[in-house]
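Colleague: So that we are looking at the same thing, I have put the structure below in structure tokens.
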Amino acid sequence: MRKQAAPTSSKTTEHKLGTFAGVFTPSVLTILGLILFLRLGYVVGTGGLLQTLLIICIAYTISILTSISLSAIATNLKVRGGGDYYLISRTLGLEFGGALGLVLFMAQSVSIGFYCIGFGEVVAGLFAMSDGMAQIIALLPLAGLFFLAWQGADWAIRFQYVVMATLCLALISFFIGALSHWDVALLQENWQSTAQSPPFWVLFAVFFPAVTGFTQGVSMSGDLRDPSISLPKGTFLAVGISLIVYLIAAIFFAGSLPQQLLVSDYSSMNRIAWLPVFIIAGVFAATLSSAMASFLGAPRILQSLAADKIFPLLNPFAAGVGSSNNPQRGVLLAAAIAVLTISLGDLNLIASIVAMFFLISYGLLNYATYFEARTASPSFRPRFKWFHKYASLAGACVCLLAMLAINWESAALAVSLIFAIYQYLQRTAKQSRWADGRRSYHLQQVREHLLQVSLEPEHPRDWRPQILAFSSSRTRRERLLKFSSWLEAGSGLTTLVHILENRPSQKRLAENELYEDITASGVRAFPLVINAPSLEIGSTLLLQSFGVGPLRANTILLNYLDSYTEYFFTSQLKSFGKNLHSALRLGYNLVVLDAKEAEWQKLAQQAPEERRIDIWYIPGNSGSLMLLLAHLMTRSPFWAQSELRVLSAVEDDGHEAALQALQQELVDSRINAEAMIVEDFSSATVRRYSADASLIFLPLTIKADQLVDCSGLSVDKLLPVLPLVALVIAAQKIDLDAEPEQGIAGLLAAAEDKLNAAQEREKQAEEEVQRVNLALEDNLKALLKIRQHGSEEAQSQLYNELAKLRRQLDKATRQSAKAEAKLESEKMQLEHLHKRYHINDSAEQNNGDET
């Protein structure tokens, strides 16, 4: 028995391949395949040379754009085995990579059978055999190719050198014959399409499989000495040379045979060639080389996929044999799929879907490169410099358009299959065994969104709970986390805080403890451990500095009678940041949770439709905050069927008036709750109405640094006889009925309107001054004339008008001065608002962010 090889990463480079043997040869032999020998003449004949050249250019646009993306991503990673699968999985993640890797293995394995059937059909046609013989004949080259693949890439590459030589002889024979048949008149005749020509995209679909082999060399990435150099160089060389061959061959077809022969005879190349026997040999060589390239690529994709342990069923295929780590188990499976393909015979639909899989792989490779560049990650440093992220995005879009244009039904089926595998992996796959580009992408999105948010003025409608949850007790931490998740209900964030006093060596241990508690609770939250000389210093720094830009915490959540609670409410700490008032001054709302173990268990056992939340409402910010938090709780699945009940004390206007006012406020606030008026907020009243509630929101009041209820009595006696209680006090303005025109935006709009009005008044005042000045000039000119020739009465009238105009000028001047002063005042007021709310010109803020 042969000894299994070590993992790929530890293999020596002694038997590995270079650029020519490992990338260029399999790629160019697959591109210059059956389409060149058996279909290019048909495309020229039916579509005309003009359309054919356009088809070649569009198809190679996809190849060139994808080659650029491939070169960028291959020179940014240390590429291992797996080709397209490896590159995409290490960028877009295991779900995309696993889905694409599986279908690419299937597509290449099926392609082996197709190429062998093509070989069998050519042989059967030469010897006038029956149709069924083609499938039997196809098994012969499959057996030979299996032997070469089983022996390893070295044997297969030696065989491909023979194929390369045969292919070159066939092309030389064709080009020499074409020169001898060259006729400019035929070239002009074949320039346009025939009257019965199929649609453009049908011809494109006929030709496009010719260029789907340019990434065959990528599948050999694990067998290359230096993939980062060989992959871009070999791929570009294969694409460039094959593009020249196809362009010259299309022109020679058009200038050598009439359209009728090109359309009717798929073997028209034989009519042109100097030695037709080389063309037949070239057809065989092209067929076998394409099958060989797929036989080499498919098992290596499967081996890399299995090594990543994405599909447990495929894990045995990770093993390789010999110093080259040859995936013989994958070769066996690929051969079995090829035999099944040959046995099925007519597979036109599957052939179309296979082509779609290749197009999807090219599209995803382009998108993966754009995705990696779009993250702006410092780790994205490709050595290939002829790259731009929008070229990769264009490549992805062109691939998508080509799929839809060729056959949208096959495209939809192929995409659906990949999407189904993607969803399966998303639900079943374990933690990824490697880092991909998704985290960088999300970090870049966070950056861009935070910068954009910072340009927008704050508004009460944007308020959402950003919670700092303080907990020193592990036994009560899970309840606090669960309650925090109910409060923010997917609209905010929770950060679980633990402050260590002079214990820096225990910081990592405390962080691990928080991670474990968060995981055990099933709540999505961030852990934060701070080491400080004292609780006083640590909390002071935390409350003042927590957050990034506009994303800052606004609510503190505590367990009742926790050490942190004692700290915030202790009467011995009087300085800044040492008590409740300091937190309030810093703009933090406070929520204190009293969740006794027995009541918590009782809540968990209660039927969802029987749960009720009571809110003891008092007008003001604390009352509005309680309403909003209770409403948010009903968004969580646990409280979705719960009833909200709002209780308020009777006012001087009487019971009915108070009830109507409360109901109207709930309607205006868009809070769906039952309104109830009670006689007062005494402890006895709270117990009588809310003893059977699931959760109670009570307004928190401070008296001599003590927690008291609304009646002024300590809550120590009230809380033990109540179910779960949340004590709330608001430090921020909570406007439940804020209109879009209110807030900072409204203030700015009003200030801008006042400024515009002041500018208009200043303009009108200045125009009035100018008008009066012109009238004075006219009056003085008339006075000079009339003093020489006019009467005294006329002079007297002009003097009166002059005095009147001077009074008007004085008045206009004063009004202009006032208008100018008002304009300056409004400008200063607007500048003050901009400075106060840190509002700058968005164009200046964005300058330099995008290149």
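The values are calculated or read from the model by the stated rules, or taken from the named source; none is laboratory data. The shown structure was predicted, so the numbers you read here are calculated from the model rather than taken from an experiment. Cβ placement follows ideal geometry from the backbone for every residue including glycine, while neighbour counts extend to all protein chains displayed. For the accessible areas, the whole protein counts, side chains as well, though only heavy atoms, and no ligand, DNA or RNA atoms are used. Shrake-Rupley method; radii C 1.70, N 1.55, O 1.52, S 1.80 Å.
Colleague: For q = 0.16, 0.24 Å⁻¹, what log10 I(q)/I(0) does segment 13-103 give under the Debye formula with an equal point scatterer on each alpha carbon and no solvent?
Modeller: Those come out to -0.88, -1.24, one per q.
Colleague: If you count the DSSP beta bridges with both ends in the chain, what percent of them are antiparallel, to the nearest 5?
Modeller: 25
Colleague: Relative to the longest principal Cα axis of the chain, at what angle does helix 40-74 sit, 0 to 90 degrees, rounded to 10?
Modeller: It works out to around 60 degrees.
Colleague: Straight-line reach from residue 430: which lysines have a Cα under 21 Å away, not including same-chain ones fewer than 8 places off?
Modeller: 309
Colleague: Calculate the spin-label point distance for residue 241 paired with residue 598, positioning each point 7 Å from the Cα along the beta-carbon direction, and give it in nanometres.
Modeller: 8.6
Colleague: Enumerate the whole-percent occupancy of each 10 Å bin, from 0 to the last occupied one, for all C-alpha pair distances of segment 331-471.
Modeller: Each 10 Å bin holds this share of Cα pairs: 9, 22, 28, 23, 11, 4, 2.
Colleague: Shifting gears a bit: FRET efficiency for residue 806 and residue 763, Cβ-Cβ distance as r, R0 = 35 Å, nearest 0.05?
Modeller: Computed FRET efficiency for residue 806 and residue 763 comes out at 0.95.
Colleague: Where the convex hull is taken over the Cα atoms of the chain, what is its projected area averaged over directions, in nm²?
Modeller: Projected area, direction-averaged: 62.3 nm².
Colleague: On the first, second and third principal axes, largest extent first, how far apart are the outermost C-alpha atoms of segment 86-180 in Å?
Modeller: Here the spans come out as 53, 37, 27 Å, largest first.
Colleague: Taking every pair of distinct Cα atoms and averaging 1/r, then inverting, what Kirkwood hydrodynamic radius in Å comes out for segment 404-497?
Modeller: For segment 404-497, the Kirkwood estimate is 18.2 Å.
Colleague: Rounded to the nearest 10 degrees, what's the angle between the helix 621-633 long axis and the longest principal axis of the chain, both from Cα atoms, 0 to 90?
Modeller: Rounded to the nearest ten degrees, it is 30.
Colleague: If one puts a single equal scatterer on every Cα of segment 492-550 and applies the Debye formula without solvent, what log₁₀ I(q)/I(0) results at q = 0.14, 0.22, 0.30 Å⁻¹?
Modeller: -0.42, -0.92, -1.18
Colleague: Also: Please give the peptides 430-442, 464-476 ranked by average Cβ packing (other Cβ atoms within 10 Å per residue), highest first, as a rough proxy for protection.
Modeller: Answer by packing, highest mean first, reads 464-476, 430-442.
Colleague: Mind giving me the nanometre distance, one decimal, between the label points for residue 832 and residue 775, set 7 Å out from Cα along Cα→Cβ?
Modeller: For the pair residue 832/residue 775, the computed spacing is 3.7 nm.
Colleague: Could you give the C-alpha radius of gyration of segment 624-751 expressed as a fraction of 2.2 N^0.38 Å, taking N as the number of residues it contains?
Modeller: Taking N as the residue count of segment 624-751, the ratio is 1.19.
Colleague: Suppose R0 equals 51 Å. What FRET efficiency, 1/(1 + (r/R0)^6) with r the Cβ-Cβ distance, do residue 140 and residue 386 give to the nearest 0.05?
Modeller: 0.70
Colleague: Around residue 720, what is the net charge, scoring Lys/Arg as +1 and Asp/Glu as -1 over all other residues with Cβ under 10 Å from its Cβ?
Modeller: 0
Colleague: Please provide three numbers in whole Å: the alpha-carbon extents of segment 136-244 along the principal axes, with the largest listed first.
Modeller: In descending order, the Cα extents are 51, 38, 30 Å.
Colleague: Let me ask something else. Suppose the chain between residue 664 and residue 606 were pulled fully straight at 0.36 nm per residue; how much longer would it get relative to their current alpha carbon spacing?
Modeller: Extra length available between residue 664 and residue 606 comes to 17.7 nm.
Colleague: Provide the convex hull volume over Cα atoms per residue for segment 199-279, in Å³.
Modeller: Normalising the Cα hull of segment 199-279 by residue number yields 133 Å³.
Colleague: What angle, in degrees between 0 and 90 and rounded to the nearest 10, separates the Cα long axis of helix 276-307 from the longest principal axis of the Cα atoms of the chain?
Modeller: The angle comes out at about 40 degrees.
Colleague: At each listed q (0.23 Å⁻¹), what is the log10 of I(q)/I(0) that the Debye formula gives for segment 452-494 modelled as equal alpha-carbon point scatterers?
Modeller: -0.79
Colleague: Summing -39500 (n - 2.57) over the DSSP H runs of n ≥ 4 in the chain and dividing by its residue number, what mean residue ellipticity at 222 nm do you reach, to the nearest 500 deg cm²/dmol?
Modeller: Theoretical 222 nm ellipticity from helices: -20500 deg cm²/dmol.
Colleague: Return the subset of 78/507; 763/804; 733/754 for which the Cα-Cα distance in this structure is over 32 Å, preserving the input order.
Modeller: Exceeds cut-off: 78/507.
Colleague: Extending each Cα 7 Å along its Cβ direction at residue 226 and residue 817, get the distance between those two points in nm, one decimal.
Modeller: 8.3
Colleague: On full extension of the chain, what length is gained from residue 265 through residue 61, given 0.36 nm per residue of separation minus the C-alpha to C-alpha distance?
Modeller: Gain in length upon complete extension: 70.6 nm.
Colleague: Give me the percent relative contact order of the chain, please, defined on Cα pairs under 8 angstrom at least 6 residues apart.
Modeller: Worked out over the chain, it gives 14 percent.
Colleague: Further question on the same structure: Measuring from a point 7 Å past the Cα of residue 336 along Cα-to-C-beta, which residues in segment 291-307 have an amide N at less than 20 Å?
Modeller: 294-307
Colleague: Arranged from highest to lowest average of other beta-carbon atoms within 10 Å per residue, in what order do the peptides 509-515, 173-179 appear?
Modeller: 173-179, 509-515
Colleague: Now a separate question. Can you give the Rg to Rh ratio of segment 387-448, both from alpha-carbon atoms, with Rh computed by the Kirkwood formula?
Modeller: 1.08
Colleague: So how much slack lies between residue 638 and residue 438, counting 0.36 nm per residue of separation and subtracting their Cα-Cα distance, in nm?
Modeller: Stretched fully, the residue 638-residue 438 segment lengthens by 68.9 nm.
Colleague: Let me ask another. Across 5 Å bins from 0, what is the distribution of all Cα-Cα pair distances for segment 678-822, in whole percents?
Modeller: Values per bin, smallest distances first: 2, 8, 10, 9, 7, 6, 5, 5, 5, 4, 4, 5, 5, 5, 4, 4, 4, 3, 3, 2, 1, 0.
Colleague: Take peptides 358-364, 121-127 and line them up by average Cβ neighbours within 10 Å, highest first, as a rough protection proxy.
Modeller: The packing order, highest mean first, is 358-364, 121-127.
Colleague: From the C-alpha coordinates alone, can you work out the Kirkwood hydrodynamic radius of segment 649-714, in Å?
Modeller: 13.5
Colleague: With a 1.4 Å probe and every protein chain left in place, tell me how much accessible area residue 701 has, in Å² to the nearest 10.
Modeller: Accessible area, nearest 10 Å²: 50 Å².
Colleague: Quick one: if the Förster radius is 45 Å, what FRET efficiency do residue 323 and residue 274 give, using the C-beta to C-beta distance and rounding to 0.05?
Modeller: 0.50
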